[in-house]
1. Can you list residues from other chains, or at least 5 along the same chain, whose modelled amide H is less than 5 Å from the amide H of HIS53?
2. In the range 360-413, what trypsin sites (Lys or Arg not before Pro) fall in a loop by DSSP, with at most 10 other Cβ atoms inside 10 Å?
3. For LYS321, go through the lysines and keep the ones whose alpha-carbon is under 16 Å away, minus same-chain ones fewer than eight residues off.
4. Ordered by residue, what ³J(HN,Hα) values in Hz, to whole numbers, does the range 244-258 give under the Karplus form 6.51 cos²θ - 1.76 cosθ + 1.60, where θ = phi - 60° and Gly and Pro are x?
5. Could you work out the per residue convex hull volume over the alpha carbons of the chain, in cubic angstrom?
6. Taking amide H positions as placed 1.01 Å from N in the peptide plane, with prolines and chain starts having none, which residues 5 or more places from VAL23, or on another chain, fall under 5 Å of its amide H?
7. Rounded, prolate or oblate for the range 251-316? Axes are the square roots of the Cα gyration tensor eigenvalues, ordered a ≥ b ≥ c, and the cut-off for rounded is a/c under 1.5.
8. Would you mind telling me the antiparallel percentage of the DSSP bridges in the chain, rounded to 5?
Amino acid sequence: MPHVDFESGERSPSLSSRRPAPVRYVPPLQYLLGVLRYVWPIPHWVLPTPRLHRFAAVLLREDVEEVLSRPDIFTVPFAGEMRRLADGSWPGTPFILGMDDVREHDEQLVRLMNVFRLDDVGIVSEIAQRHASLTVDAVKGGELDAIEKLITDVPLDICVEYLGVPIKDRRSFTEALVGLSGHLFGLPPIEQKPDVDAKADIVRQVVDDAIHAARRAGPSESTVMGRLMGVERRDSEVRAFLLGLIVGFVPTTTIAGGHILEMMLRAGGMLRMTRAAALEGDEALLGQCLFEALRYMPINCGPFRLCEKDYVVAANYWRRKRIREGTFVLACTMSAMFDCSRVQQPFVFTPGRPSVDRLQFGLGLHWCVGAFIAQAQLVQTFKPLVIQHGLGRARGSAGHLRRWPKSIFPQHLVVRIPGKSS
Ligand code: HEM
């Protein structure tokens, strides 16, 4: 499987040699964000959640960068809860996403990258390609719930075959992951809830069963779990690593894949360019098309941070704002990716944009460690789907994106696959 460098920001040669008509699309929320960027770029408000809490958001690219590059001031609000849920009790075990001390974070990152390697992109591509092709081929001339049977199922296959965590009941495992992810990365403050603890119990049980089986089997190089057996003595460390990876993986790639598919079906021009790249076998361009579609409909508005001490954002500009200690700050990457003071032609679908325009994987200390794996997985998942001639929404409500109850995570979207590829 070829290694494709999607993150370089280099344009694929086949993109520059062809000149497709520009595809323009303005996501509805960007009308509001566009006005706010001019008149109130650092909005702030108070919410009873349930006690009164101060909130602020930074909407400009420059201010988002400032907030996300100061982990000494703006910390992740879910650190404690993430530790607790990893063990089911205090003090818990930390994982990189919940660490704001740069030295501690980087020390754990190095240990993680020792078992969760960049070279594994090829393994993940192979698993995703095999499962996606089988799934799409089986329904040619019919309909496919592309979220449930493809976009969520492929990461679960990767959990089993690459991470080394067998899953018996896929539905309850996915539901538990979606609940955990929404709880940790949704609107702060993050407070302990019995139903979330029950979901964490389900995920921990699956991971613990896998650890016990792996301890009996001994170290092996073929899975992340097998490699961890060789280097990590404490089960709590192994569990924190795998739990962090799985929670960062299955719900996130489901939401990203679901949003990419929705954008492709909304804006036909995006699907046409993506399909052309897939038919040419240009995986670099295919990846660029998919992640450009994700820029229009990212996984969320952006990450939240907690301001640890009074701080002035954008100190040298008219918009400067003193953020008070205890304020929850939304680093609104969704807005920053359309900030025309920094991003060229933000509303023109431009695969292969410079990497500074792309914040889908975050920025700074917590930049997504799974980005390369996610890209490989989504390219191979979408490839057999987008080459289907006449791919479109199924009739009726089934053809529209539906989400898990009370959450932002896609659950179903049925597509029509008329029959022949190309
Ligand atoms: C398209 C899919 C994905 C998207 C859009 C995505 C997005 C993100 C974002 C925005 C962050 C930063 C969060 C913050 O600053 O608070 C992040 C961090 C992270 N992601 Fe992903 N992610 C994806 C897939 C994955 C996968 C497949 C894995 C692992 C297998 C993963 C593991 C992580 C981890 C461990 C972090 C924390 C990194 C650190 O703190 O150094 N993600 N991701």
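1. LEU47
2. Working: sites: ARG393, ARG395, ARG402, ARG403, LYS406; in loops: ARG395, LYS406.
Passing both the DSSP loop test and the Cβ count: ARG395, LYS406.
3. Straight-distance partners of LYS321: LYS309.
4. Working through the residues one at a time gives x, 5, 5, 5, x, 10, 4, x, 6, 6, 5, 5, 5, x, x Hz.
5. Working: hull volume 60.5 nm³, N = 422.
Per-residue hull volume (Cα only) is 143 Å³.
6. PHE349
7. On the way: a/c = 3.10, a/b = 2.53, b/c = 1.22.
Because a/c hits 1.5 or more and a/b exceeds b/c, the range 251-316 counts as prolate.
8. On the way: 23 of 27 bridges.
Roughly 85 percent of the beta bridges in the chain run antiparallel, per DSSP.
Only the coordinates and a few stated rules stand behind these numbers; no lab work does. Since this is a predicted model, take the numbers as computed values, not measurements. All Cβ positions, glycine included, derive from the backbone under ideal geometry; neighbour counts span all protein chains shown.
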